[in-house]
1. Ala92 versus (1) free of Cβ contacts under 8 Å to residues at least 24 places away in the same chain; (2) open to solvent by less than 40 Å² (accessible area, probe 1.4 Å); (3) not in a helix (DSSP H, G or I): which is the lone unmet condition?
2. Mind listing just one residue for me: the one in the range 1-36 that is modelled with pLDDT of 85 or more and assigned to a loop (DSSP other than H, G, I, E, B) and, of those, nearest to Arg192 (Cα to Cα)?
3. Listed residues Ala165, Ala135, Ala92; which is within 16 Å of the chain's Cα centre (by Cα) and modelled with pLDDT of 95 or more?
4. Please go through (1) surrounded by fewer than 16 Cβ atoms within 10 Å (Cβ to Cβ); (2) in a helix (DSSP H, G or I); (3) hydrophobic (A, V, I, L, M, F, W, C) for Ile40 and return the number of the only condition it doesn't satisfy.
5. Which is over 30 Å from Val149 (Cβ atoms) and either of a type outside the set (A, V, I, L, M) or in contact (Cβ under 8 Å) with a residue 40 or more places away in the chain (or both), of Ala28, Ala84, Ala21?
6. Would you mind finding the one in Leu167, Leu177, Leu163 that is aliphatic (A, V, I, L, M), crowded, with 17+ Cβ neighbours inside 10 Å and either touching a Ser or Thr at 6+ places or on another chain (Cβ under 8 Å) or assigned to a loop (DSSP other than H, G, I, E, B) (or both)?
Amino acid sequence: MAADSSSASVPGNPGGEFPRAFYGIIRAIDRFTDVTGRFIALTMLFLMVTISYEVVMRYGFNAPTVWVYESSFMANGSAFMLGAAYALLKGAHVRTDIYWENYSERKKGVVDLISYLLFFYPAMITFMLISIDDALHSYDTGERSQESVWRAIMWPFRATIPLAALLLMIQGISEVLKCWYQVQFGREFVHREKIEI
């Protein structure tokens, strides 16, 4: 359950109140990530339809396509990358639990906050800058796939990488504010059930 702005002040907490604007920022970013994540999930419908079409054409009519293989791996790869921000929102990324479960909520917030600021953002910025250059090079050179005779244009596929980094950084803003809340008040902003895969 999301924290309520009316419960933003904890008695005896020297941190005072959590800024009201931060609630709006968190909710807006989380809503944006939820919508984009659900939209990206529609890619799976495309995969289901195209792969089913390929199976029918290949085995039913002995007329395999030249485009399904590449379009399916590009769609799946794009969905995987672009869905990373949605996974961050839902708390589905990998976490080592050996010590984590024994930490207090405040300590968890501190560890996450430091991790976002020292590791997450520098890595995502680097990842985005390198991948932007790669996508631009692909566009400038008219790069085409070598995987099949279809020879798909590669720049849209390569452009999903910097876009994924951008979406992750946007959701990261919300996560940093949630960590700040957790450090300040010693409780989670939103409780997420542990996801077992």
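The values are calculated or read from the model by the stated rules, or taken from the named source; none is laboratory data. Owing to the predicted nature of the structure, the values given are computational and were not obtained by experimental measurement. Virtual Cβ from ideal backbone geometry, glycine too; neighbours counted across all protein chains shown. Note: areas computed on protein heavy atoms with side chains; ligands, DNA, RNA excluded. Shrake-Rupley method; radii C 1.70, N 1.55, O 1.52, S 1.80 Å.
1. Looking at each condition in turn, Ala92 falls short on (1).
2. Across the range 1-36, the extreme among qualifying residues is Phe18.
3. Just a single option satisfies the conditions, and that option is Ala165.
4. It fails just one condition, (1).
5. Ala84
6. Going through Leu167, Leu177, Leu163 in turn, just one is aliphatic (A, V, I, L, M), crowded, with 17+ Cβ neighbours inside 10 Å and either touching a Ser or Thr at 6+ places or on another chain (Cβ under 8 Å) or assigned to a loop (DSSP other than H, G, I, E, B) (or both): Leu167.
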